[in-house]
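Have a look at the structure below before the remarks.
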Amino acid sequence: MRRLFGTDGVRGTANDWPMTAEMALRIGAAAGRYFRNDGSNGHRVVIGKDTRLSGYMFENALTAGLTSTGMNVLLLGPVPTPAVGLLTTSMRADVGIMISASHNPHNDNGIKFFGPDGFKLSDEAEAEIERLVASDIEPAQASNIGRAKRIDDGRFRYAERVKSTFPHGRRLDGLKVVIDCAHGAAYKVAPEVLWELGADVVPVGTQPNGTNINDGVGSTSVRAAAEAIVTHGADVGICLDGDADRVMILDENGQVADGDQLMALFAARWASEGRLSGGTLVATVMSNLGLEHFLGGRGLRLERTKVGDRYVVEAMRRGGWNLGGEQSGHIVMTDYATTGDGLLAGLQFLAAMVETGQTASALARQFTQVPQLLKNVRFAAGTDPLAQAQVRRAITDAEGRLQGRGRLLIRKSGTEPLVRVMAECEDEALLRQVVEGIVAEVEAASVAA
């Protein structure tokens, strides 16, 4: 049974299990042993991080564990998660590690792994690393201990790669762009890239202090960016999360376009240009039914996966498809990147504005959403409210009431102690009834346990 790894690496509150310095050292040693399984020298790992205070602790602990097994460590400092995927391959590393808890508060942190191909590890690879963590990890001989050094140009390598994805000969001159970096990993690189492409840049969330990441800013809290758009008369806003692998777009009125709307725009444009592989978009079970209807009306197909951008990417690779993502703003374009990239997706939206001459509001509303309601219910550690009989009865009853009229999705979060209750239905009164009924039973079961 997997205890360490969730849907996106290892994650938790800093200095609470499993996110302790001791465990990070063991995880580093286990990963080093897993990727240095041939016993030879010259193996290397790149490590990036976001701006959380605890990042220093985990960076040092992972480095100690990795070098103890003979891995050479290249420290990138604060860079977006997609930069780690890129640099793992471009620097010929055996593994890439990102220290981040993405959109979570500053007191959380996490450890994500990328294989030598730049893609996130499979469940099987993570399970083997977890097995090694629990075993006696053989260290390297004293003469084979690894080295560690800081790499100063990682951010610039990533910036040049991202800029190269913008249409040749196009510029952002004349566009005023609000960029909200959530006081996170992209606080330097995102404003630089936009300015170098010609935009008039209004920065938000670009002053990290170790504890303000995602605090009232970023893709999960867009009010600051919306206010900046109105105040400065900006044309568009790009809101990233703490590690910059997801994005929300705000139009000139401060209205939000989520990942579903962005995927609809990109899929339609790519299909018209003959660039959408297999006429298929990959998204998760959380994506709105309206997206499915939009694609179907254009002769395109939606392939659904379970929640998690790594599962989206795995499906894309299996099917040979090149566009996918999540409603939450992970947009994956494997023609350009190995994982979700918020800045890259933002640039693709800006390219659509430049090439069509349309406003952000015109491009951000590709389809009418089917009414959707999502509620998160926190439960106590060690409890399993979904296993309780009264909760199962409530779910069965809701499924019966929605049959033929909508859909229901109940799942545990892979990164937090939450049960997520989501339903879609044209009848909004029925939608509220079924969701609130299940939420009430989950809350009662958690308290009773």
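The values are calculated or read from the model by the stated rules, or taken from the named source; none is laboratory data. Note that the structure is predicted; figures quoted are calculated from it, not measured. With ideal geometry, Cβ positions are generated from the backbone for all residues, glycine too; neighbour counts draw on all protein chains shown. The accessibility values were calculated without ligands, DNA or RNA, using every heavy atom of the protein model including side chains. Shrake-Rupley method; radii C 1.70, N 1.55, O 1.52, S 1.80 Å.
In table form, for the structure just shown:
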{"read-out": "The stretch 111-211: GluC sites (Glu not before Pro) in DSSP coil with no more than 16 other Cβ atoms inside 10 Å", "value": "none"}
{"read-out": "Rounded to the nearest 20 debye, dipole of the stretch 328-449 from Cβ charges on Lys, Arg, Asp, Glu", "value": "280 debye"}
{"read-out": "Accessible area in square angstrom per residue, the chain, 1.4 angstrom probe", "value": "40 Å²"}
{"read-out": "Unit charges on C-beta of K, R, D, E only; dipole of the chain, Debye", "value": "660 debye"}
{"read-out": "Radius 13 Å from Cβ of Ser54, net charge of other residues (Lys, Arg +1; Asp, Glu -1)", "value": "-1"}
{"read-out": "Percent antiparallel among DSSP beta bridges (both partners in the chain, rounded to 5)", "value": "55 percent"}
{"read-out": "Cα-Cα over 30 Å, subset of Lys188/Lys375; Lys163/Lys412; Lys49/Lys163; Lys49/Lys306; Lys149/Lys412; Lys149/Lys176", "value": "Lys188/Lys375; Lys163/Lys412; Lys149/Lys412; Lys149/Lys176"}
{"read-out": "Only Lys, Arg (+1) and Asp, Glu (-1) charged, at Cβ; the stretch 46-147 dipole about Cα centre in debye", "value": "440 debye"}
{"read-out": "Chymotrypsin sites (Phe, Trp or Tyr not before Pro) lying in DSSP loop within the stretch 1-104, provided at most 12 other Cβ fall within 10 Å", "value": "none"}
{"read-out": "Separation in nanometres of the label points that stand 7 Å from Cα toward Cβ, at Ala134 and Lys188", "value": "4.1 nm"}
{"read-out": "Percent carbon-and-sulfur accessible area, the stretch 24-126, ignoring ligands, DNA and RNA, probe 1.4 Å", "value": "53 percent"}
{"read-out": "Radius of gyration and Dmax over the Cα atoms of the chain, both given in Å", "value": "22.0, 69"}
{"read-out": "Most positive-pole-ward Cα, Leu121, Val201, Ile99, against dipole of the stretch 91-214 from beta carbon charges", "value": "Val201"}
{"read-out": "Contact order relative to length of the chain, as percent, for alpha carbon pairs under 8 angstrom and 6 or more apart", "value": "13 percent"}
{"read-out": "Selected from Gly70, Gly259, Gly296 as most flexible by GNM, with the chain as the system and alpha-carbon contacts under 10 Å", "value": "Gly296"}
{"read-out": "Ordering of 20-33, 382-395, 79-92, 364-377 by burial proxy (mean other Cβ atoms within 10 Å per residue, highest first)", "value": "79-92, 20-33, 364-377, 382-395"}
{"read-out": "Carbon plus sulfur fraction of accessible area for the stretch 262-387, probe 1.4 Å, in percent", "value": "47 percent"}
{"read-out": "Neighbour-limited loop hits for chymotrypsin sites (Phe, Trp or Tyr not before Pro), the stretch 105-135 (at most 16 other Cβ within 10 Å; DSSP other than H, G, I, E, B)", "value": "none"}
